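Peer 1: What follows is a single structure, and I will ask about it in a moment.
Derivation of every value follows stated rules applied to the coordinates shown; laboratory data play no part. Worth saying up front: this structure is predicted, and the values here are computed from it rather than measured. Positions of Cβ are backbone-derived with ideal geometry, glycine not excepted, and every protein chain shown enters the neighbour counts.
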Number of protein chains: 2
Amino acid sequence: MRTTLDFLLHDWLRVAELTARPRHAEHSAETFAQVLDMCERIAREKYAPFNRLVDTEEPRVVAGPEGDRVVLPQATHEAWHAYAASGMLAAAQDYELGGMQLPYTVEAAGNAFFAKASVSIGAGMLTSGNANLLLAHGTPRQREVFAAAEFAGRWSGTMCLSEPQAGSSLSDIATRAEPDGADFERDPLGPRYRLRGHKMWISAGEHELTENIVHLVLAKIPGPEGRLVAGTRGISLFVVPKKLVDADGRLTGERNDVALAGLNHKCGWRGTSNTLLNFGEGRFRPGGAAGAIGYLVGSPGEGLRCMFHMMNEARIAIGMCAAMLGMAGFEASLEYARQRPQGRPLGPQGKDAAQPQVPIVEHADVKRMLLAQKAYAEGALALELYCAR
Amino acid sequence: MRTTLDFLLHDWLRVAELTARPRHAEHSAETFAQVLDMCERIAREKYAPFNRLVDTEEPRVVAGPEGDRVVLPQATHEAWHAYAASGMLAAAQDYELGGMQLPYTVEAAGNAFFAKASVSIGAGMLTSGNANLLLAHGTPRQREVFAAAEFAGRWSGTMCLSEPQAGSSLSDIATRAEPDGADFERDPLGPRYRLRGHKMWISAGEHELTENIVHLVLAKIPGPEGRLVAGTRGISLFVVPKKLVDADGRLTGERNDVALAGLNHKCGWRGTSNTLLNFGEGRFRPGGAAGAIGYLVGSPGEGLRCMFHMMNEARIAIGMCAAMLGMAGFEASLEYARQRPQGRPLGPQGKDAAQPQVPIVEHADVKRMLLAQKAYAEGALALELYCAR
């Protein structure tokens with residue numbers, strides 16, 4: 001795939017020309033190649049060898065004194081730490097945020113290696129997307145506390161939209177967010193609310209890869225009579241950490257009232273935990289009371305609009321994941337077709353059973369199918385990089 | 001599905017008219033209905049409740065003093081015994097063979113219930129097909145010994161074609177069959193050979209559902225110089241019992257040299273064991289020597305032609321299985337679509353979020369998809385029954 005990537009990035013998209021822009025002035029074709037080399041190497045060493053493992057050893061729940069824990073294979077921890085240490089979580093961000101100011105096209109190309117090697121082992125996409133939303137819609141303090149820790153890979157991120165009774169119908173979410181005390185508007189981390197509700201299909205909703213998890217949660221603030229506004233107009237967005245933090249981002253030692261209710265078992269994408277989370281049921285009692293503490297992001301009623309920042313980024317990243325599943329399928333098919341002997345070519349006298357069999361890659365219809373796979377996978381990759389450029 | 005079956009069988013295919021033929025003279029619309037009632041009931045009680053179980057508890061190997069055993073869930077044993085006791089293994093056969101002389105269309109309709117309830121729990125299709133091949137190509141003694149025990153459900157059957165180095169390329173099979181002793185042509189069960197080779201993807205190749213297993217095996221008889229004839233012309237067919245039997249079909253107590261080399265793990269169809277079998281490697285030594293004992297069926301070199309009798313029957317039965325997987329999918333989809341609320345209809349003022357959600361079966365595009373499922377599944381069922389008529 002590297003040859004294809006180099007062709008797309010340089011011969012077609014001419015990414016080196018981007019270094020003429022001030023933002024990317026310190027980059028060159030060489031630094032781009034170094035990033036791709038690094039991604040290719042980490043994906044080969046830390047992702048690909050464990051692709052099968054994370055499919056057979058799916059996340060499991062172990063009861064513990066501080067609530068249910070999710071246990072992941074050791075390889076998943078090592079893959080996460082290698083990815084975080086690579087700087088790819090913040091690759092396109094400003095230098096002052098710990099980023100590389102890499103063109104997004106090159107970041108996307110680098111991430112392609114990880115998706116192809118093992119699509120579900122990492123949760124980097126959600127963490128970057130979560131932090132990027134906070135850069136766009138959070139307060140300066142929310143950016144410094146939450147986004148910075150995510151870009152550094154110390155904390156990871158989730159997106160909490162669906163509920164058991166409301167799948168893609170977000171107008172029907174029932175999670176409530178109520179002001180937490182008379183001084184709720186004076187919290188340095190943002191207006192403070194207590195959330196109560198259930199969130200379904202939350203990827204990476206519970207695990208121990210990072211010391212904290214940053215949930216971005218859609219909820220409704222009740223009106224004066226305590227009723228929720230129907231439709232999407234009533235939706236607001238909150239940042240809800242798994243463990244509470246102070247205004248400088250230090251863990252206070254107190255667990256927020258976010259509890260794992262169960263894991264969803266999926267046919268694929270089994271390297272990441274997929275969870276049902278209970279917010280505010282009283283499993284933990286921060287500040288002596290039930291209710292998950294969350295800080296408003298953006299304005300009340302603007303939650304869905306803000307969340308679309310992350311949703312759109314996730315859609316693009318998932319598109320790359322799908323393209324790379326196709327690419328991995330093509331590569332596996334090609335390797336198999338070159339090894340598997342079956343049948344013989346038709347000659348003027350028909351087939352000669354005394355001749356050895358040929359590898360199936362020599363069958364015209366197998367060639368056609370392989371070329372179709374290659375065209376779909378490389379075409380999808382090209383589309384992703386073109387949009388990213 | 002019963003309403004659909006009754007419509008297809010009676011209003012469209014007019015199966016009751018078949019009772020005018022002498023072969024089916026003792027039947028009537030009532031006896032046909034009784035057979036369908038029975039199949040529907042056994043499928044509901046013995047198959048459907050365990051469809052999930054046989055998918056999660058796939059066959060496993062346990063070492064034993066008489067070689068590796070395959071352990072299946074208790075439910076699989078009970079499903080087999082209920083199916084065998086129903087008489088469906090021989091439903092279309094002559095009364096004197098223990099059959100019902102049922103029209104094949106009605107037999108196929110009855111079997112549809114089992115395939116829909118749990119497609120992989122049973123191995124009846126292979127057992128009937130194996131016995132039917134012996135009726136067409138076996139000697140009278142082979143029919144009395146092997147086919148009769150299969151129709152009664154005491155023994156089960158397999159078809160052994162593929163080899164690890166030769167998938168669908170049967171010209172390349174390397175299993176050898178050599179005459180077993182100077183008197184090899186005088187065995188009452190048929191000309192006796194010793195087989196040596198490996199057979200891959202053998203469904204129900206090892207299990208303890210029945211007291212014996214009847215393997216129908218393709219192999220090549222070497223020419224005078226010990227070389228195998230290239231191509232399919234050199235293929236002969238042998239009946240190779242797992243346990244040796246005498247001329248009256250009684251177990252001799254001696255195990256034939258057929259050994260389980262391993263189980264194949266499949267994505268689906270996990271209720272039946274799928275095996276790699278070693279023939280004649282010396283794991284067992286019948287008559288004091290290595291080599292699996294097999295009896296020629298049909299003439300030397302006619303093996304593939306004979307085997308096509310069973311292959312064609314299996315193809316038709318697999319077609320019904322595929323149609324019934326589609327039908328089961330349709331029924332599950334319909335049930336879910338009637339229960340799952342999501343979204344609201346568009347009115348003149350758009351959607352009214354204050355109204356309750358509607359079940360998704362009311363969405364026009366969900367209706368369209370359900371109707372497409374129904375059309376495919378019922379159309380495939382109709383095609384099967386039409387061909388069977």
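Peer 1: So which residue of B has the beta-carbon closest to the axis that swings B onto A, and how many whole Å away?
Peer 2: B:Cys267, 5
Peer 1: Evaluate the relative contact order of the stretch A:321-388 (contact order divided by residue number), counting alpha-carbon pairs under 8 angstrom at least 6 apart; express in whole percent.
Peer 2: The normalised contact order for the stretch A:321-388 reaches 41 percent.
Peer 1: Which FRET efficiency value, to the nearest 0.05, is calculated for B:Arg340 and A:Leu53 with the Förster distance at 41 angstrom and r the Cβ-Cβ distance?
Peer 2: Calculated value: 0.75.
Peer 1: Here's something else I'd like to know. Label position 7 Å from Cα toward Cβ: report the copy-to-copy distances for A:Arg340 in nm, one decimal, ordered from shortest.
Peer 2: Label-point distances to the other copies, shortest first: 3.3 nm.
Peer 1: How well do other chains shield peptide B:334-346, expressed as the mean number of their Cβ atoms within 10 Å of each residue Cβ?
Peer 2: Shielding by partners across B:334-346 averages 2.
Peer 1: Let me ask another. In whole Å, how far is the Cα centre of the stretch B:215-271 from that of the stretch A:183-253?
Peer 2: Answer, in whole Å: 66.
Peer 1: A further question on this structure: Given R₀ = 30 Å, FRET efficiency for B:His81-A:Tyr376 by Cβ-Cβ distance, to 0.05?
Peer 2: 0.05
Peer 1: Contact order normalised by length for chain B, with contacts defined as Cα pairs under 8 Å and 6 or more residues apart; what percent is it?
Peer 2: Relative contact order here is 16 percent.
Peer 1: Report, in debye and to the nearest 20, how large the dipole of chain A comes out about its Cα centre when Lys and Arg carry +1 and Asp and Glu carry -1 on their Cβ.
Peer 2: 780
Peer 1: Treating the beta-carbon of each Lys and Arg as +1 and of each Asp and Glu as -1, no other charges, what is the dipole magnitude of the protein assembly as shown about its Cα centre, to the nearest 20 debye?
Peer 2: With Lys and Arg at +1 and Asp and Glu at -1, about 540 debye.
Peer 1: Further, regarding this structure: Would you mind telling me the antiparallel percentage of the DSSP bridges in chain B, rounded to 5?
Peer 2: Taking every DSSP beta bridge with both residues in chain B, the antiparallel ones total about 85 percent.
Peer 1: On to the next question. Please compute, for peptide B:169-175, the average count of beta-carbon atoms on other protein chains lying within 10 Å of each residue's beta-carbon.
Peer 2: 3
Peer 1: Let me ask something else about it. Quick one: grab the alpha carbon gyration tensor of the stretch A:211-304, order the square roots of its eigenvalues as a ≥ b ≥ c, and give me rounded if a/c is under 1.5, else prolate or oblate depending on whether a/b is larger than b/c.
Peer 2: Oblate is the answer for the stretch A:211-304, as a/c is 1.5 or above yet b/c matches or exceeds a/b.
Peer 1: Considering the options A:Gly291, B:Gln373, A:Pro65, tell which one lies farthest towards the positive end of the dipole of the protein assembly as shown, charges being +1 on Lys and Arg and -1 on Asp and Glu at the Cβ, about the Cα centre.
Peer 2: B:Gln373
Peer 1: Which entries of A:Lys367/B:Lys199; B:Lys243/B:Lys266; A:Lys199/A:Lys220; B:Lys199/B:Lys220 show an alpha-carbon separation above 18 angstrom in the structure shown?
Peer 2: Violating the 18 Å Cα-Cα cut-off are A:Lys367/B:Lys199; B:Lys243/B:Lys266.
Peer 1: Please work out whether the stretch B:348-389 counts as rounded, prolate or oblate from its C-alpha gyration tensor, where a ≥ b ≥ c are the square roots of the eigenvalues and a/c under 1.5 means rounded, while otherwise a/b larger than b/c means prolate and anything else oblate?
Peer 2: Prolate is the answer for the stretch B:348-389, as a/c is 1.5 or above and a/b outweighs b/c.
Peer 1: For A:Asn212, list long-range residues whose amide hydrogen, built 1.01 Å from N in the peptide plane, is under 5 Å from its own amide hydrogen.
Peer 2: A:Ser156
Peer 1: Let me ask something else about it. Could you give the nm distance between label points at B:Val62 and A:Asp94, where each point is 7 Å from its Cα heading toward the beta carbon?
Peer 2: Placing both labels 7 Å beyond Cα along the Cβ direction yields 6.7 nm.
Peer 1: Relative contact order, percent, of the stretch A:224-347 when contacts are C-alpha pairs under 8 Å separated by at least 6 residues?
Peer 2: Reported relative contact order: 25 percent.
Peer 1: Which distances, shortest first and in nm, link B:His81 to the matching position in the other copies, using label points set 7 Å out along Cα to C-beta?
Peer 2: Label-point distances to the other copies, shortest first: 5.6 nm.
Peer 1: Still on this structure, please answer the following. Which value, in debye to the nearest 20, gives the size of the charge dipole of the stretch B:322-388 about its Cα centre, when Lys and Arg are +1 and Asp and Glu are -1 at the Cβ?
Peer 2: 260
Peer 1: How many nm separate the modelled label positions at A:Leu251 and A:Asn312, each set 7 Å beyond the Cα in the direction of the Cβ?
Peer 2: According to this spin-label approximation, the distance is 3.5 nm.
Peer 1: Give me, ordered by chain and number, the residues 5 or more places off A:Ala261 or on other chains with an amide H under 5 Å from its own placed amide H.
Peer 2: Close amide H contacts, sequence-distant or interchain: A:Leu276, A:Leu277, A:Asn278.
Peer 1: Still on this model: Angle check, please: helix A:74-86 long axis (alpha carbons) against the longest principal axis of chain A (alpha carbons), in degrees 0 to 90, nearest 10.
Peer 2: The angle comes out near 90 degrees.
Peer 1: Moving to a separate point now. Provide a whole-number value for the mean count of partner chain Cβ atoms within 10 Å of the Cβ atoms in peptide A:226-239.
Peer 2: 1
Peer 1: So what is the 222 nm mean residue ellipticity for chain B from helices alone, if each DSSP H run of at least 4 adds -39500 (n - 2.57) and you divide by all residues, rounding to the nearest 500 deg cm²/dmol?
Peer 2: Taken over chain B, the calculation gives -11000 deg cm²/dmol.
Peer 1: Counting Lys +1, Arg +1, Asp -1, Glu -1, what net charge surrounds A:Leu244 among other residues with beta carbon under 14 Å of its beta carbon?
Peer 2: -1
Peer 1: Rounded, prolate or oblate, given the Cα gyration tensor of the protein assembly as shown, with a/c below 1.5 counting as rounded?
Peer 2: prolate
Peer 1: In 5 Å bins starting at zero, report the fraction of Cα pairs in the stretch B:270-389 per bin as a rounded %.
Peer 2: Going from the shortest bin to the longest, the percentages are 2, 9, 10, 10, 10, 10, 9, 7, 7, 6, 5, 4, 3, 2, 2, 1, 0, 0.
Peer 1: Still on this structure, please answer the following. Using the Cα centre of the stretch B:2-321 as origin and beta-carbon charges of +1 (Lys, Arg) and -1 (Asp, Glu), tell me which of B:Ile213, B:Phe146, B:Gly231 is placed farthest towards the positive end of the dipole.
Peer 2: B:Gly231
Peer 1: Mean-square fluctuation check for chain A, GNM, Cα pairs under 10 Å: which of A:Leu277, A:Leu346, A:Leu97 is largest?
Peer 2: The residue that fluctuates most here is A:Leu346.
Peer 1: Could you tell me the extents of chain B's C-alpha atoms along the three principal axes, largest first, rounded to whole Å?
Peer 2: Between the extreme Cα coordinates on each principal axis of chain B lie 91, 48, 39 Å.
Peer 1: Within 12 Å, Cβ to Cβ, of B:Arg60, how many net charges do the neighbouring residues add up to if Lys/Arg are +1 and Asp/Glu are -1?
Peer 2: Local net charge: -2.
Peer 1: Separate question: Output wanted: per-residue J couplings in Hz (rounded whole) for the stretch A:216-221, from phi through Karplus 6.51 cos²θ - 1.76 cosθ + 1.60, θ = phi - 60°, x for Gly and Pro.
Peer 2: My calculation for the stretch A:216-221 gives 9, 10, 8, 8, 10, 8 Hz in order.
Peer 1: Separate question: What are the distances, in nm and sorted shortest first, from the label point of B:Leu371 to the label points of the same position in each other copy, with each label point placed 7 Å from Cα along the Cα-to-Cβ direction?
Peer 2: Spelled out, the distances from B:Leu371's label point are 4.0 nm.
Peer 1: Could I ask something else about it? If you take the charge dipole of chain A about its Cα centre, with +1 on Lys and Arg Cβ and -1 on Asp and Glu Cβ, which of A:Ala29, A:Pro348, A:Ala85 is farthest toward its positive end?
Peer 2: Value computed over the given set: A:Pro348.
Peer 1: Ranking request for peptides A:301-308, A:259-266: highest mean number of other beta-carbon atoms within 10 Å first, then the rest in descending order.
Peer 2: Descending mean neighbour count gives A:301-308, A:259-266.
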